[in-house]
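The values are calculated or read from the model by the stated rules, or taken from the named source; none is laboratory data. The structure presented is a predicted model; accordingly, all values stated were derived computationally and were not measured. Neighbour counts run over all protein chains shown; Cβ positions are idealised from the backbone, glycine included. With ligands, DNA and RNA removed, areas are computed over all heavy atoms of the protein, side chains included. Shrake-Rupley method; radii C 1.70, N 1.55, O 1.52, S 1.80 Å.
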Amino acid sequence: MATPTTSFMKEVLPPVLDSTSQPPTLFDGTTRLYISYKSPFAQRTWITRNCKGLQEKIKLVPIDLQNRPAWYKEKVYPPNKDPAKRQFAEELFSYIDSLNKIMFTALSSKEDVGDEVGAALDKVEDALSKFDDGPFFLGQFSLVDIAYAPFMERYQILFSDVKNYDITKGRPKLALWFEELNKIDAYVQTRRDPQELLAHTKKRLGQIA
């Protein structure tokens, strides 16, 4: 069976970071792949990145695992926080249905935005305050953000238009979450025109677009 071949421009590999190295700038919109040049497991991910042509979108950060920087364990790979994050992620996944019910019920109502909506959004704000290693639900961008993004995008647009209500007002963590989310190309490429979303959702809600 023939083996497919792909032509790549030779990449200039960055130097290995050790205990004397300063950390890269975090939360600047750059996606980074932390690897060891000597690890076969890291090499598999590295190969996948290259096969997908993502060299310009995903930057390599090679680490000396025998003399690793202190910030790598504390900021990038904090194993002591992983169980807590997994548990919290499950809680957030479970909350989506309740949030959607509250928000769409409010949008369908002729009444002003009530306390139930405020409480639901405050819960989202509190969730975004739980971890301090990034602006997203689990600190770093994760599947939780992917699960919430399509709905929160629509709520921001719809509540502003239909209810004259800014869901980020008084919720700085939520405002920052939207700001940082809009720096992620994988999400930005999926956004729809706000007017298109308004017309479609108003039709579903039985309102005149």
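Points worth noting:
- Heavy-atom accessible area order for V113, V12, V124, largest first, 1.4 Å probe: V12, V113, V124
- Surface composition of the range 64-147: carbon and sulfur make up 50 percent of the accessible area, probe 1.4 Å.
- Structure-derived Cα extents along the principal axes in Å: which label, when the choices are [x] 73, 30, 27; [y] 57, 42, 35; [z] 62, 43, 29: [z]
- Cross-link partners of K73 among lysines (Cα-Cα below 24 Å; sequence separation of 8 or more within a chain): K38, K57, K59, K81, K85, K130
- J(HN,Hα) series, the range 150-164, from Karplus relation 6.51 cos²θ - 1.76 cosθ + 1.60, nearest Hz, glycine and proline x: x, 6, 5, 4, 5, 5, 4, 6, 5, 5, 5, 7, 7, 10, 6
- Within the accessible area of the range 148-193 (1.4 Å probe), percent carbon and sulfur: 46
- Those chymotrypsin sites (Phe, Trp or Tyr not before Pro) in the range 6-69 that DSSP places in a loop and that have at most 12 other beta carbons within 10 Å: F8
- Checking every one of the chymotrypsin sites (Phe, Trp or Tyr not before Pro) in the range 109-199 against DSSP loop status and a limit of 11 other Cβ atoms within 10 Å picks out no site at all.
- 3J(HN,Hα) along the range 187-200, derived from phi through the Karplus expression 6.51 cos²θ - 1.76 cosθ + 1.60 where θ = phi - 60°, amounts to 7, 4, 5, 9, 5, 9, 4, x, 5, 5, 5, 4, 4, 5 Hz, with x in place of Gly and Pro.
- Accessible area per residue in Å² at 1.4 Å probe, computed on the range 150-194: 56
- Excluding exposed DSSP-loop trypsin sites (Lys or Arg not before Pro) (at most 15 other C-beta within 10 Å), longest clean stretch of the chain: 58-109
- Calculated FRET value between W71 and I146, using beta carbons and R₀ = 25 Å, to 0.05: 0.40
- Mean separation of Cα contacts under 8 Å, 6 or more apart, over the residue count of the chain: relative contact order %: 16
- Residues L54, L128, ordered by accessible area of protein heavy atoms at a 1.4 angstrom probe radius and largest first, appear as L54, L128.
- Per residue solvent-accessible surface (Å²) - the range 48-145, probe of 1.4 Å: 59
- Between amide H atoms placed 1.01 Å from N, distances below 5 Å from Y34 occur with V61, all of them 5 or more places distant or on a separate chain.
- Diffusion coefficient, µm² s⁻¹, Stokes-Einstein with Kirkwood Rh over alpha-carbon pairs of the range 134-209 at 4 °C and 1.567 mPa s: 97
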